[in-house]
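First comes the structure, then the notes that go with it.
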Amino acid sequence: MEITVLWSDSAISDLQDIHDYYLAKASLKVANKIVTYIVDKSLLLSKNPRIGQTETLLKHKKEEIRYLVEGNYKIVYVIEGQIVFIATIFDCRQDPNKLAKKKI
């Protein structure tokens with residue numbers, strides 16, 4: 001049975017911000033490529049939601065929060081039954097404490 005993968009508004013906004021950044025700093029081709037890689041990586045979760053590691057920075061939360069890495073980005077997600085919620089896309093080049101303070 002496949003798992004449903006849903007994106008939060010926050011994660012979609014993160015993805016748009018990433019796209020906008022690379023559009024301004026590099027090119028449309030680069031921006032599309034990076035966003036496509038992130039989205040494609042998230043599709044792996046529909047077959048195996050526990051493929052990602054547990055996010056230790058968010059272990060204080062009651063939910064099961066895991067992440068996948070694609071390039072410089074963590075795809076942070078929550079597993080709830082047969083649904084995986086992509087909570088945020090976090091740039092690993094930032095201060096890790098910023099992730100710990102995010103509302104997930």
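Observations on the model:
- Within the range 2-12, the only residue that satisfies the criterion of being in contact (Cβ under 8 Å) with a residue 12 or more places away in the chain, part of a helix (DSSP H, G or I) and not aliphatic (A, V, I, L, M) is 10.
- Going through (1) closer than 25 Å to residue 3 by Cα; (2) touching an Asp or Glu at 6+ places or on another chain (Cβ under 7 Å) one by one, residue 70 falls short only on (2).
- Residues satisfying the stated conditions in the range 16-32, i.e. over 18 Å from residue 88 (Cα atoms) and either of a type in the set (D, E, K, R) or not in a helix (DSSP H, G or I) (or both): 25, 26, 27, 29
- Taking each residue of the range 36-50 that is β-branched (Val, Ile, Thr) and looking for partners that are modelled with pLDDT of 95 or more with beta-carbon atoms closer than 7 Å, six or more apart or interchain, yields 38/15; 38/70; 38/73; 38/75; 38/89.
- When we screen 79, 51 for residues that are among the β-branched types (Val, Ile, Thr) and either touching a His at 6+ places or on another chain (Cβ under 8 Å) or exposed (fewer than 12 other Cβ atoms within 10 Å of the Cβ) (or both), the only hit is 51.
Residue by residue, here is whether (1) hydrophobic (A, V, I, L, M, F, W, C); (2) in a helix (DSSP H, G or I) holds:
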site: 14; (1), (2): no, yes
site: 34; (1), (2): yes, yes
site: 37; (1), (2): no, yes
site: 57; (1), (2): yes, yes
site: 65; (1), (2): yes, no
site: 69; (1), (2): yes, no
site: 86; (1), (2): yes, no
site: 94; (1), (2): no, no
site: 102; (1), (2): no, no
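The values are calculated or read from the model by the stated rules, or taken from the named source; none is laboratory data. Since this is a predicted model, take the numbers as computed values, not measurements. Please note: Cβ atoms are built from the backbone with ideal geometry, for glycine as well, and neighbour counts cover all protein chains shown.
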